[in-house]
1. Determine the pairs where a residue that is closer than 15 Å to residue 9 by Cα, located within region 42-57, has a partner that is surrounded by 17 or more Cβ atoms within 10 Å (Cβ to Cβ) and of a type in the set (S, T, N, Q) with Cβ atoms under 6 Å apart, the partner being 6 or more residues away or on another chain.
2. Name the residue, out of 175, 162, 197, that is closer than 23 Å to residue 237 by Cβ and either crowded, with 16+ Cβ neighbours inside 10 Å or touching a residue at least 40 places away in the same chain (Cβ under 8 Å) (or both).
3. Within region 29-51, track down each residue that is in a strand (DSSP E or B) and within 24 Å of residue 193 (Cα to Cα).
4. Within region 103-121, how many residues turn out to be in a loop (DSSP other than H, G, I, E, B) and surrounded by 17 or more Cβ atoms within 10 Å (Cβ to Cβ)?
5. Pick out the one residue from 26, 98 that is outside any strand (DSSP E or B), more than 18 Å from residue 121 (Cα to Cα), in contact with a strand residue (DSSP E or B) (Cβ under 7 Å, 6 or more places away or on another chain) and touching a residue at least 60 places away in the same chain (Cβ under 8 Å).
6. Condition (residue is charged (D, E, K, R), in contact with a Ser or Thr (Cβ under 9 Å, 6 or more places away or on another chain) and free of Cβ contacts under 8 Å to residues at least 40 places away in the same chain) applied to region 110-119: is it met by at least one residue?
7. Residue check, residue 46 against (1) closer than 22 Å to residue 190 by Cβ; (2) touching a helix residue (DSSP H, G or I) at 6+ places or on another chain (Cβ under 7 Å), all met but one. Which one?
8. Hey, among the residues in region 206-232 that are in a loop (DSSP other than H, G, I, E, B), surrounded by 19 or more Cβ atoms within 10 Å (Cβ to Cβ) and not polar (S, T, N, Q), which one's nearest to the chain's Cα centre (by Cα)?
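The values are calculated or read from the model by the stated rules, or taken from the named source; none is laboratory data. As the structure is a computational prediction, the values presented were derived from the model and not from experiment. Please note: Cβ atoms are built from the backbone with ideal geometry, for glycine as well, and neighbour counts cover all protein chains shown.
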Amino acid sequence: MSSLSGKTLFISGASRGIGLAIALRAARDGANVVIAAKSNVPNPKLPGTIHTAAAEIEAAGGRALALKVDIRDEQTVFDAVTQAVAHFGGIDILVNNASAISLTGTLETPMKRFDLMFGVNVRGTYLCSQACLPHLLQADNPHILTLSPPLNMDPRWFGPHVAYTMAKYGMSQCVLGMAAEFADRGVAVNALWPATVIKTAALAMIPSVDGDACRKPEIMADAAHAVLTTPSRERTGQFLLDEAVLRETGVEDFSGYAVKPGTPLLPDLFL
């Protein structure tokens, strides 16, 4: 399978950035995309809403359903999944993209921020997976793709920002556990992470990062597409890097993904 035509994707945080890029790549195949995000009205500090994302998806050739969803809220998530199934007839793919970040030390991380990261990253990933799984289990080629890093217990990833690291690794632990739990039932559960820093609105949360030393979100979108078009029983429980996935498909020249070709690229966190 090389196309997502007719497939329904439920993507958390798809109003901008990597989530929107994944949605647009699927839309070009003629996929249905559920945009589950909080951005219902314009934010002067952040581009895009669920409505602008829906318009872009439909312009790209897909069908869109824009739903205002706070993935920390159980009832809202289950209601969104019910609406998605009623609208499109099922769910084939879940992309756990939504994430909160704060690269702060223990003394500099207010508990409100700690709770936000664990609520969105860990609880949100678990909740969206739980809500979508009954429908994924009925799909022909079901996938859960979570944007989280390879698990690595090296203290250098914990010392500078222990709360954020625990929250992201919690997402990765969902991948590890659910892949094992649902392997026999044919649901692929994998993680995808960028080899280099990606230029998105979240970049503002990482101090002193040169945007020219980054790649565009489209590299993650193309890598996600390659994973999601793979037969679900052939690849599960893996922690994948965007560049490695694309190399498997024959891509050798990555310059087109660079924000400024020729500029040395920054490796992403946790690598």
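1. Matching pairs, first to second residue: 50/15; 50/39; 53/15.
2. Details: 162 fails: closer than 23 Å to residue 237 by Cβ; 197 fails: closer than 23 Å to residue 237 by Cβ.
Selected residue: 175, the only one of 175, 162, 197 that is closer than 23 Å to residue 237 by Cβ and either crowded, with 16+ Cβ neighbours inside 10 Å or touching a residue at least 40 places away in the same chain (Cβ under 8 Å) (or both).
3. Step one: of region 29-51, the residues in a strand (DSSP E or B) are 32-37, 43, 46.
Answer for region 29-51, where residues must be in a strand (DSSP E or B) and within 24 Å of residue 193 (Cα to Cα): 32, 33, 34, 35, 36, 37, 46.
4. Let us first name the residues in region 103-121 that are in a loop (DSSP other than H, G, I, E, B), namely 103-105, 109-110.
Filter again for surrounded by 17 or more Cβ atoms within 10 Å (Cβ to Cβ), leaving 104, 109.
Within region 103-121, residues that are in a loop (DSSP other than H, G, I, E, B) and surrounded by 17 or more Cβ atoms within 10 Å (Cβ to Cβ) number 2.
5. Working: 98 fails: more than 18 Å from residue 121 (Cα to Cα).
Exactly one residue qualifies, and that residue is 26.
6. Taking region 110-119 as the starting set, the residues that turn out to be charged (D, E, K, R) are 112-113, 115.
Checking which are in contact with a Ser or Thr (Cβ under 9 Å, 6 or more places away or on another chain) leaves us with 113.
Checking the rest, the ones that are also free of Cβ contacts under 8 Å to residues at least 40 places away in the same chain come to none.
Checking region 110-119: not a single residue is charged (D, E, K, R), in contact with a Ser or Thr (Cβ under 9 Å, 6 or more places away or on another chain) and free of Cβ contacts under 8 Å to residues at least 40 places away in the same chain.
7. Of the numbered conditions (1) closer than 22 Å to residue 190 by Cβ; (2) touching a helix residue (DSSP H, G or I) at 6+ places or on another chain (Cβ under 7 Å), the odd one out for residue 46 is (1).
8. The selected residue is 217.
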